[in-house]
Structure formats: C-alpha cells, structure tokens
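J.: Sharing a structure here in structure tokens format.
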Amino acid sequence: MIAYLFILIAIIFFSIGVFIDNFLINSAFKDTKALLFYSNITNLLFIPLLWIFGLPKILPNNMIFPILIVGFAQAIYLYPYFKALKETDTSIISALFNMGKIFVPLLAWLIVNERLSLIQYIGFILIIISSFFLTYKGELKVNKALIYMIITSLILAINSTITKYALESVDWITVITWSAVVSTIITIIIGTLFYRKEISKTRKIYFKNIWRFIINEFVTFIAIASMIFAITKMPITIVQGLLAAQPVLMILIAYFAHKFLPKYFKEDFSLKNVLKKTVFFIIIIIGIILSVM
C-alpha cells in the first residue's frame, strides 16, 4: 500500500514541475534558449543531494563517451519541451512524454539487444495513435507540440538507453553526477558562444524567478526519488501504468487551481475537450502497460 502512496506523490510532484515549467516559458521567459540555459545551470545545484547516498567515483575510460552522450542529451532536451509547452495544454504535454515508452525499448533492442514482443508492439501502436489524435487539428494537421515532443521523447529515450548501458559498469550516483557536470559544461559553452545576449538580457528575470527554479528542481528530485522507491516495491509494469495517469490528475489540479494561479495553467476545460483527453489518456495508459510487459 505504501508504494501506491509514493506513486501518487511522484505524480503530484511531476505535475507541479510541469506547471512551473509552463509558467516560466509562457509568462516569465519569452526566450526559450535563455530558459534552457538557466534551467540546466540550476539543476547542478541539486546534485549534492545525491551524495547523501554515496560519493561519485572517477569514470573509467570506456564510460567517458557514453556519459558525454547522456550529458549532451540532458543539455538539449528541454529546448523542444519548452517549445511544446508554448503550443498546447499542459496535460497533453504530460501525456506526450509517454512516447518515450516507444523509443526506449526500440533503442534497447538496437543497442543492448533487448527483444520486443507482439504485445509490446500493440502497446506502442496504441500510444502512437492516441498521441496523434490528442494533437489532431483536422485535415491531416497536428499541433506542433506533437513534433516537438517526438523530438523530446527521442532525446530522452537515447538518454535512458545509454544510461542503462552505463549502469552496467558504474553506479547510478556516478552516472547522474558526471552527466550533470557534462550537461552544465555544454550548456555554458553553447550559451557563451551562441546566445550570450539572450542570457544577459534575461538575467534579472532569472534572479526574480530563481525561487521557482529551485522549487522546480526540488519537486522533480522528490518525484524521481518516490518513483524509484515505488519500483523497488512493485512490478515496473504497474508503476509505469499508474504514472501514465498523471495527465488526468493534472486536469483535476488545473481545474481547481487555475482561478487562483491562472498563469501556471494552460488548459481547455470545455466538456468536449476534457472528454477527448480522458479517452485518449486511458488508451495511452493501456498502451504503456502493454509496452512494458
């Protein structure tokens, strides 16, 4: 029973993180590149929390390149994610994150030779169809958010697959620490070379909102820790399926809270839209359960 509580905590805190991201990109920052820079820089502040569980080790030579890939993926995935948040409802963005469930097994099959089953393919098809119709605008047009989230999910899938490969040789604290360091270095180099003016212009905005960045990183840390604890207590299939219910909870949170904090929520509460989302969210949950069986 305690595992279900931690899954609920993970869903709530992941949702809060998305709502804060929505505020930052749609109300505070107009420049996506600058927000990407400050988000990655702030992320490094929370790495020492991991050291409560142990200290990172020096990377062996054969792990340097994989960690560089992981760090690079972490440095850039937020850009298409922030662009997607500009295009559609936050609950839909949360649902589209589940497309990563498609790419991870496929990449695992290619890189570490994990085989897929017929049931998994059926699950993938359900996720793809639901993601398409969630963003369908008629006449074979889809919201740009779908394209941005496909890119985001693919980058995160590469990140997850290479991380899994790295964990076969080094511990998780070492992987997360060094990938965060690499991500920060890449962010600083790219930011300094290509969009220094944007960073300089938004510096005051960052310090004005730094408490939001800190809260965002903290809630994400709690959400990930809660998810990991739940995985140790129950099958990952159940955990993944329950976590896929996050968009439904996000609609409920947004419905009751948007009148008090309207800038944090971007949601269409028309009956037709809510019913459409609910149907496809349920199909996505089923697809995820099948895809991780």
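J.: Every residue in region 50-91 that is within 17 Å of V182 (Cβ to Cβ), not β-branched (V, I, T) and not in a helix (DSSP H, G or I), please.
T.: Of everything in region 50-91, those that are within 17 Å of V182 (Cβ to Cβ), not β-branched (V, I, T) and not in a helix (DSSP H, G or I) turn out to be P56, K57, L59, P60, Y77.
J.: If you don't mind, there's one more thing I want to ask. Only residues that are within 19 Å of the chain's Cα centre (by Cα), assigned to a helix (DSSP H, G or I) and over 20 Å from S130 (Cα atoms): list them for region 255-293, please.
T.: Scanning region 255-293 gives a single hit, Y264.
J.: Name the residues in region 107-125 that are of a type in the set (V, I, T) and modelled with pLDDT of 70 or more, would you?
T.: Residues satisfying the conditions are I119, I122, I125.
Condition check ((1) closer than 29 Å to T88 by Cα; (2) modelled with pLDDT under 85; (3) in contact with a strand residue (DSSP E or B) (Cβ under 8 Å, 6 or more places away or on another chain); (4) surrounded by fewer than 14 Cβ atoms within 10 Å (Cβ to Cβ)) across all residues:
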site: I150; (1), (2), (3), (4): yes, no, no, no
site: I188; (1), (2), (3), (4): no, no, no, no
site: I199; (1), (2), (3), (4): yes, no, no, no
site: R203; (1), (2), (3), (4): yes, no, no, yes
site: I210; (1), (2), (3), (4): yes, no, no, yes
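J.: Output yes when any residue across region 126-141 is modelled with pLDDT of 85 or more and either assigned to a helix (DSSP H, G or I) or touching a strand residue (DSSP E or B) at 6+ places or on another chain (Cβ under 9 Å) (or both), and no when none is.
T.: Looking for residues that are modelled with pLDDT of 85 or more and either assigned to a helix (DSSP H, G or I) or touching a strand residue (DSSP E or B) at 6+ places or on another chain (Cβ under 9 Å) (or both), one finds none in region 126-141, hence no.
J.: Among (1) surrounded by 14 or more Cβ atoms within 10 Å (Cβ to Cβ); (2) assigned to a helix (DSSP H, G or I); (3) in contact (Cβ under 8 Å) with a residue 24 or more places away in the chain; (4) of a type in the set (A, V, I, L, M, F, W, C), there is one condition A225 misses while meeting the rest; what is its number?
T.: (3)
J.: Then there's this: Yes or no: region 228-241 includes at least one residue that is closer than 28 Å to I25 by Cα, at pLDDT below 80 and assigned to a helix (DSSP H, G or I).
T.: Checking region 228-241: at least one residue is closer than 28 Å to I25 by Cα, at pLDDT below 80 and assigned to a helix (DSSP H, G or I).
J.: Taking A28 as the residue in question, decide whether it is surrounded by fewer than 20 Cβ atoms within 10 Å (Cβ to Cβ), within 26 Å of T202 (Cβ to Cβ) and not aromatic (F, W, Y).
T.: Values: surrounded by fewer than 20 Cβ atoms within 10 Å (Cβ to Cβ): yes; within 26 Å of T202 (Cβ to Cβ): yes; not aromatic (F, W, Y): yes.
Answer is yes for this residue.
J.: State the number of residues belonging to region 158-179 that are crowded, with 22+ Cβ neighbours inside 10 Å, of a type in the set (A, V, I, L, M) and under 19 Å from the mean Cα position of the chain (by Cα).
T.: Residues in region 158-179 being crowded, with 22+ Cβ neighbours inside 10 Å, of a type in the set (A, V, I, L, M) and under 19 Å from the mean Cα position of the chain (by Cα): 2 in total.
J.: Right, another one. Looking only at region 249-288, filter to residues that are small (G, A, S) and surrounded by fewer than 21 Cβ atoms within 10 Å (Cβ to Cβ); which one of those is farthest from V18 (Cα to Cα)?
T.: The residue in question is S270.
J.: A further question follows. Which residue out of K276, K233 is under 25 Å from I9 (Cβ atoms), of a type in the set (D, E, K, R) and touching a residue at least 24 places away in the same chain (Cβ under 8 Å)?
T.: On the way: K276 fails: under 25 Å from I9 (Cβ atoms).
Going through K276, K233 in turn, just one is under 25 Å from I9 (Cβ atoms), of a type in the set (D, E, K, R) and touching a residue at least 24 places away in the same chain (Cβ under 8 Å): K233.
J.: Would you mention how many residues in region 166-214 are within 13 Å of M63 (Cβ to Cβ), small (G, A, S) and assigned to a helix (DSSP H, G or I)?
T.: Final tally of qualifying residues: 2.
J.: Let me confirm something: among L36, L45, L68, which residue is over 22 Å from I228 (Cα atoms) and either in contact with an Asp or Glu (Cβ under 6 Å, 6 or more places away or on another chain) or surrounded by fewer than 19 Cβ atoms within 10 Å (Cβ to Cβ) (or both)?
T.: Selected residue: L68, the only one of L36, L45, L68 that is over 22 Å from I228 (Cα atoms) and either in contact with an Asp or Glu (Cβ under 6 Å, 6 or more places away or on another chain) or surrounded by fewer than 19 Cβ atoms within 10 Å (Cβ to Cβ) (or both).
J.: Here is a follow-up. Just one of (1) at pLDDT 80 or above; (2) buried (at least 21 other Cβ atoms within 10 Å of the Cβ); (3) farther than 14 Å from F13 by Cα trips up Q246, so point out which.
T.: Going through (1) at pLDDT 80 or above; (2) buried (at least 21 other Cβ atoms within 10 Å of the Cβ); (3) farther than 14 Å from F13 by Cα one by one, Q246 breaks only (3).
J.: Looking at K57 and the list (1) under 16 Å from the mean Cα position of the chain (by Cα); (2) basic (K, R); (3) farther than 30 Å from N273 by Cα, which single condition is not satisfied?
T.: Of (1) under 16 Å from the mean Cα position of the chain (by Cα); (2) basic (K, R); (3) farther than 30 Å from N273 by Cα, only one is false for K57: (1).
The values are calculated or read from the model by the stated rules, or taken from the named source; none is laboratory data. All figures in this text were calculated on a predicted structure; none of them were measured in a lab. Backbone-built Cβ (ideal geometry, glycine too); neighbour counts: all protein chains shown.
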